[in-house]
């Protein structure tokens, strides 16, 4: 099951990068929860598929374009998938390159919990792993 969970995350990231938010939406569990990283301007958490999508839509509207690029292997740990990523944006003001680690909890083939961490070791600990 773990490799199938990795595929869910890869498909979701590819859809995000294409701007196909309908496909991203379809990969979210109806009871999904999004937990932004510490000190994020909108602290969350966002609970429910529609709340998660509203937050992501708001974030995406900030720039003309954005992509999420994995910069590590996808680590699977039971129902969780961990990946280090760089979020690149462009279009309005500075063009940040935000590096973070994302922990996805997958339930029945959909993203159930999405957690962002600035600190990779904290992300691994949250996923029940250690560096």
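Here are some notes:
- Length released on extending from residue 18 to residue 99, taking residue separation times 0.36 nm less the Cα-Cα span: 27.2 nm
- Which of 11, 103, 68 has the fewest Cβ neighbours within 10 Å, and the rest in rising order: 11, 68, 103
- Neighbour counts of other Cβ atoms within 10 Å put 130, 23 in the fewest-to-most order 130, 23.
- Region 33-106: C-alpha gyration tensor shape, a/c 1.5 cut-off, then a/b vs b/c: oblate
- Peptides 14-20, 81-87 ranked from most to least packed give 81-87, 14-20, packing being the mean of other C-beta atoms within 10 angstrom over each peptide's residues.
- Here the chain is treated as a Stokes sphere of Kirkwood radius computed over C-alpha pairs; at 20 °C and 1.002 mPa s its diffusion coefficient rounds to 145 µm²/s.
- By other beta-carbon atoms within 10 Å, ranking 97, 10 with the fewest at the front produces 97, 10.
- You can think of it this way: the chain between residue 61 and residue 2 has 18.0 nm of extra reach, that is 0.36 nm per residue less the Cα-Cα gap.
- Once the Cα-Cα distance is subtracted from the 0.36 nm per residue extended length, the residue 118 to residue 77 segment shows a gain of 12.8 nm.
No lab work stands behind these numbers, since they all come straight from the coordinates. All values derive from a computational prediction rather than experimental measurement. Cβ coordinates were reconstructed from backbone atoms using ideal geometry, including for glycine residues, and neighbour counts include every protein chain displayed.
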